[in-house]
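Asker: A single structure is presented below for examination.
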Amino acid sequence: MRMGRRTALALVCLALPGLALVTGPAAAPDGASPLSGLPGGAGKPVVMVKYGNARPDRPHYGLNQADLIYVEEVEWGLTRIAAMFHTRLPAVVGPTRSARISDLEILEQFERPGLVFSGANDVLLKAVRKSNAVSLSPSDRPDFYYRNLSKEAPHNQMVRLASLMAKEKNLSAVQDVGFVFDAVIPAGGSKATKFQASWPSAKVSGAWTKAGWQISFDGSVHRDAQTKALLVPRTVVLQFAEHRESAYGDRFGGKTPFVKTVGEGRAVVLRNGQSFEARWARPDKASGTTFSVAGAVLAFDVGQVFVVLVDQKAKKGEVTFGG
């Protein structure tokens, strides 16, 4: 009864002044994606694509077309990207890199999502096989992967995503993930036109523009490798979550952080050049995540959502935002 638990989150709330509230699990129009509020998403499957995010991995292909993007810490203070595609499926995405244990907990909010990744070590591969995700790695779907010879391995593995998904018949329809969307700007926010999150070996930042939050990685504005389009999500979420050392790691001795997305904690929601201090809550693995202010659900803007998973114990200066 996974859907029942999610629907229970949508009980009618008493409206509080200055907050955008809804009386159901989504304020987006009928047929919209529960991941972005964009039209045309209902009933379609969802797939996570694991992108590398080190300098040699960039520029990315197709990332600006994702509905929902997670930035997560991996070994050595680097980050990788877990991008959820749903309403639009680019012809080509990548470079794809290996999965991490944190990805599997994110994917448990869906029934049978797809997982596009370059591979993983043997221990993690067993965890992927036991998970609810459908593995769509090169070992499983070799006909849809190729190497971009203009880049060096391992930062050059690409996947023909639209063609791959056209052949997949075993993925479930997308489900509610707890988000609420409304183009109307909630009251009660504070001016915020920039943000930054940093790790020992990586940095992500953004500046508010009329088009959305213009994203930069390691100080460089992101442009799509093919179209040169900017990455401009409408809503950015700085989600403070527990980071703990996992039993997994890379072949060089780096330890993989497990980013726990089940639970609750602080969040800063950035939309329309404003910031909102919020709380996030995901009661169990099958549930979506709600974001609220003073107990009232806070609506995201309609469009791409960009979630930066930062350590709840982040030191002063590692996460900043403001005007």
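The values are calculated or read from the model by the stated rules, or taken from the named source; none is laboratory data. These numbers come from a predicted model, not from an experiment. Neighbour counts run over all protein chains shown; Cβ positions are idealised from the backbone, glycine included. Quick note on the areas: whole protein, heavy atoms, side chains included, nothing else; ligands and nucleic acids left out. Shrake-Rupley method; radii C 1.70, N 1.55, O 1.52, S 1.80 Å.
Asker: For the range 79-183, with every protein chain kept in place, what is the accessible area per residue (1.4 Å probe, Å²)?
Answerer: Accessible area per residue: 39 Å².
Asker: I would also like to ask the following. Accessible area per residue, 1.4 Å probe, Å², for the range 187-230: what's the number?
Answerer: For the range 187-230, the per-residue accessible area is 51 Å².
Asker: Could you tell me which trypsin sites (Lys or Arg not before Pro) in the range 268-323 are loop residues by DSSP with no more than 11 other beta carbons within 10 angstrom of their beta carbon? Could the numbers behind the result be given before it?
Answerer: Numbers: sites: ARG271, ARG279, LYS285, LYS313, LYS315, LYS316; in loops: LYS285, LYS313, LYS315, LYS316.
Passing sites in the range 268-323 are LYS313, LYS315, LYS316.
Asker: Modelling each spin label as a point 7 Å along the Cα-to-Cβ direction, I'd like the ARG129/ARG223 distance in nm, to one decimal.
Answerer: Going from the ARG129 label point to the ARG223 one covers 4.4 nm.
Asker: If you don't mind, another one. Which aspartates and glutamates have a Cα lying under 20 Å from the Cα of LYS130, excluding residues fewer than 8 positions away in the same chain?
Answerer: Partners within reach: ASP103, GLU105, GLU108, GLU111, ASP122, ASP140, GLU168, ASP284.
Asker: Let me ask something else. Could you tell me the calculated FRET efficiency between ALA211 and ILE185, based on Cβ-Cβ distance and R0 = 22 angstrom, to the nearest 0.05?
Answerer: Values: r = 16 Å, r/R0 = 0.71.
FRET efficiency, ALA211 to ILE185: 0.90.
Asker: Let me have the 222 nm mean residue ellipticity of the chain computed from DSSP H runs of 4+ only, each contributing -39500 (n - 2.57), with the sum over all residues rounded to the nearest 500. Could the numbers behind the result be given before it?
Answerer: Values: 4 runs with 30 residues, N = 323.
Value at 222 nm, helices only: -2500 deg cm²/dmol.
Asker: Considering the zone a paramagnetic label at ASN121 would reach in this model (a point 7 Å from Cα along the Cα-to-Cβ line), which residues of the range 244-276 have amide N under 20 Å from it?
Answerer: Residues 244-260 qualify, since their backbone N sits under 20 Å from the label point.
Asker: Okay, moving on. Students often forget the sequence filter, so: which lysines lie under 21 Å Cα-Cα from LYS255 once same-chain residues fewer than 8 apart are removed?
Answerer: Within the straight-line cut-off, LYS255 pairs with LYS50, LYS126, LYS203, LYS313, LYS315.
Asker: Also, I was wondering about something else. What does the extension gain come out to for LYS167 and ASN148, with contour length at 0.36 nm per residue minus their alpha carbon separation? The partial results should precede the final answer.
Answerer: On the way: separation 19, 0.36 × 19 = 6.84 nm, distance 2.26 nm.
In short, 4.6 nm is gained.
Asker: Measuring from centroid to centroid over Cα atoms, what is the spacing of the range 36-94 and the range 133-197 in Å?
Answerer: Rounded to whole Å, the Cα centres lie 3 Å apart.
Asker: In whole percent, and with a 1.4 Å probe on the protein chains, what portion of the accessible area of the chain is carbon and sulfur? Don't skip to the end; give the middle numbers.
Answerer: Details: 7310 of 13650 Å².
Carbon and sulfur atoms account for 54 percent of the accessible area of the chain.
Asker: On to the next question. Loop only per DSSP, at most 15 neighbouring Cβ atoms within 10 Å: give me the chymotrypsin sites (Phe, Trp or Tyr not before Pro) in the range 235-271, ordered by residue number. Let's see the in-between values first.
Answerer: Values: sites: PHE240, TYR248, PHE252, PHE258; in loops: PHE252.
Here the sparse-neighbourhood loop sites are PHE252.
Asker: Compute the accessible area per residue over the range 241-323, keeping the other protein chains in place, probe 1.4 Å, unit Å².
Answerer: Details: 3590 Å² over 83 residues.
On a per-residue basis, 43 Å².
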